[in-house]
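> Here's a structure for you.
Coordinate-derived values only; no laboratory data. Since the structure is predicted, the reported quantities are computational estimates derived from the model, not experimental observations. Don't worry about glycine lacking a Cβ; one is built from the backbone with ideal geometry, like all the others, and counts go over all protein chains shown.
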Amino acid sequence: MSVSQPALTATERIDAFLSATSYGVRHPRVQWLTGDASDRQYVRVHLDGGDSIVLAVHPGAIDYAAMPFSTMAALLTRMGLPSPRVLDHSDALGIIAQEDLGDVTLQARLGGDGITAHDSLYRQAVDLIHALQVRGREFVANTVPYTLAFDEEKLTFELNFFATHFLAGYRGVSLSAPEQAQLTAEWSAIVDELAAEPRVVCHRDYHSRNLMVRGDALYLIDFQDARMGPDTYDLASLLRDSYVDITEGERARLIAHFTRLSGVTDEAEFRRRFDLMCVQRNIKALGTFGFQASVRGRLAYVADMPRTLRAVRENLLKYERFARLHGLLAAHVEELR
């Protein structure tokens, strides 16, 4: 009976990758970077001559050709939308080498300034959403993202994720059977409307931490979960960002910019649809934060909860249709009262 070999550590796999490529002769120096909410790790590799690359290190072997990331990276290139170039990969080692865009996210560029101080970047971010939707219609294919959608099942899963990981898992809330039935009915009403909307290509996680700034240009990252969904989805992610304070005036101005680009004629109806999308999107984000904090022990996400809770509260109070949902959630979540 053969004895299995121990799995290589991430460091050993990085060393093996660099040794097997031309980067190995350029005296590579590895710098570990802060990861995201996934199980990937990231390193910057400094090379002789002042160049650098970034490696995405997966937990194990990959099938690059079959990955949604590779499909979307190729699609964004065909669309002419800015994203990091893929330089090399190793399926066996679970590593993808990408162009290094630096460390400055849109959130970092804002610093202590409001978004109005960086108006051109935010208008560019809105322009990219519009471009993704328009150009996405030109490349319809039987591949990701066109085979996935924010359908009833996906939207319901995300809302239930909030109930499981924020309400129960993080806050310790135990809903009664009548409350659970009421919540299910409220979820269903939201999901039915959102799932019935015409679908466009959505980045799915389009916010200030997933837009890199190099010079005066924005680049899309973390796009592997792209799918079809409402035209309000990415805009809701950007303008009800859990990581950046945006005033109502700034939000309204950028929504107006998007509606002009898109030829929207009924701005009031678009805003209603936008706010509905924000409710679902922000509730979903709270579920993610609760999961990261209570299951994975990543307590840094707790700091992002207050802003997101405020966004949910504002929209629940804004529309009479959410009165029952607001009452149900506010009974258990003080910040929503």
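> Name, by its number, the condition in (1) farther than 27 Å from residue 245 by Cα; (2) outside any loop (DSSP other than H, G, I, E, B); (3) not polar (S, T, N, Q) that does not hold for residue 158.
Evaluating residue 158 over (1) farther than 27 Å from residue 245 by Cα; (2) outside any loop (DSSP other than H, G, I, E, B); (3) not polar (S, T, N, Q) leaves (1) as the failure.
> Examine the range 79-88 for a residue that is assigned to a strand (DSSP E or B) and either in contact with a His (Cβ under 9 Å, 6 or more places away or on another chain) or over 19 Å from residue 214 (Cβ atoms) (or both), and state whether such a residue exists.
First, pick out the residues of the range 79-88 that are assigned to a strand (DSSP E or B): 86-88.
Subsequent filtering for residues that are either in contact with a His (Cβ under 9 Å, 6 or more places away or on another chain) or over 19 Å from residue 214 (Cβ atoms) (or both) retains 88.
So far as the range 79-88 goes, yes, one or more of its residues are assigned to a strand (DSSP E or B) and either in contact with a His (Cβ under 9 Å, 6 or more places away or on another chain) or over 19 Å from residue 214 (Cβ atoms) (or both).
> Sticking with this one: So which residues in the range 92-115 are surrounded by fewer than 19 Cβ atoms within 10 Å (Cβ to Cβ) and part of a helix (DSSP H, G or I), if there are any at all?
Matches in the range 92-115: 107, 108, 109.
> Those residues that are of a type in the set (Gly, Ala, Ser), surrounded by 16 or more Cβ atoms within 10 Å (Cβ to Cβ) and either farther than 18 Å from residue 279 by Cβ or in contact with a His (Cβ under 9 Å, 6 or more places away or on another chain) (or both), I need them from the range 169-198; list them, please. Outline the logic, then answer.
Residues of the range 169-198 of a type in the set (Gly, Ala, Ser): 169, 172, 174, 176-177, 181, 185, 188-189, 195-196.
Checking which are surrounded by 16 or more Cβ atoms within 10 Å (Cβ to Cβ) leaves us with 169, 195.
Across the range 169-198, the qualifying residue is only 169.
> Since residue 174 meets every condition but one in (1) farther than 18 Å from residue 284 by Cβ; (2) polar (S, T, N, Q); (3) assigned to a helix (DSSP H, G or I), which condition does it not meet?
(3) is the only condition that residue 174 fails.
> Checking residue 70 against (1) touching a residue at least 60 places away in the same chain (Cβ under 8 Å); (2) in a helix (DSSP H, G or I); (3) crowded, with 18+ Cβ neighbours inside 10 Å: exactly one of these is not met. Which one?
Going through (1) touching a residue at least 60 places away in the same chain (Cβ under 8 Å); (2) in a helix (DSSP H, G or I); (3) crowded, with 18+ Cβ neighbours inside 10 Å one by one, residue 70 breaks only (1).
> Can you tell me which of 192, 245, 222 is within 30 Å of residue 98 (Cα to Cα) and among the charged types (D, E, K, R)? Spell out how you get there, then give the answer.
On the way: 192 fails: within 30 Å of residue 98 (Cα to Cα); 245 fails: within 30 Å of residue 98 (Cα to Cα).
Of the residues listed, the single one that is within 30 Å of residue 98 (Cα to Cα) and among the charged types (D, E, K, R) is 222.
> Examine the range 313-325 for a residue that is under 11 Å from residue 166 (Cβ atoms) and part of a helix (DSSP H, G or I), and state whether such a residue exists. It would help to see each step written out before you state the result.
Here is the first cut: in the range 313-325, the ones under 11 Å from residue 166 (Cβ atoms) are none.
Among the residues of the range 313-325, not one is under 11 Å from residue 166 (Cβ atoms) and part of a helix (DSSP H, G or I), which makes the answer no.
> Do the conditions hold for residue 118, that is, is it buried (at least 16 other Cβ atoms within 10 Å of the Cβ), more than 20 Å from the chain's Cα centre (by Cα) and assigned to a helix (DSSP H, G or I)? Full working, then the answer.
Working: buried (at least 16 other Cβ atoms within 10 Å of the Cβ): yes; more than 20 Å from the chain's Cα centre (by Cα): yes; assigned to a helix (DSSP H, G or I): yes.
Against the criterion (buried (at least 16 other Cβ atoms within 10 Å of the Cβ), more than 20 Å from the chain's Cα centre (by Cα) and assigned to a helix (DSSP H, G or I)), residue 118 qualifies.
> Just to be sure I understand, how many residues within the range 204-259 are of a type in the set (D, E, K, R), within 25 Å of residue 80 (Cβ to Cβ) and in a helix (DSSP H, G or I)? Even if it seems obvious, please write down each step before you answer.
Just the residues of the range 204-259 that are of a type in the set (D, E, K, R), to begin with: 204-205, 209, 214, 216, 222, 225, 227, 231, 234, 240-241, 245, 248, 250-251, 253.
Narrowing further to those that are within 25 Å of residue 80 (Cβ to Cβ): 204-205, 209, 214, 216, 222, 225, 227, 231, 234.
Filter again for in a helix (DSSP H, G or I), leaving 234.
Residues that pass the stated criteria total 1.
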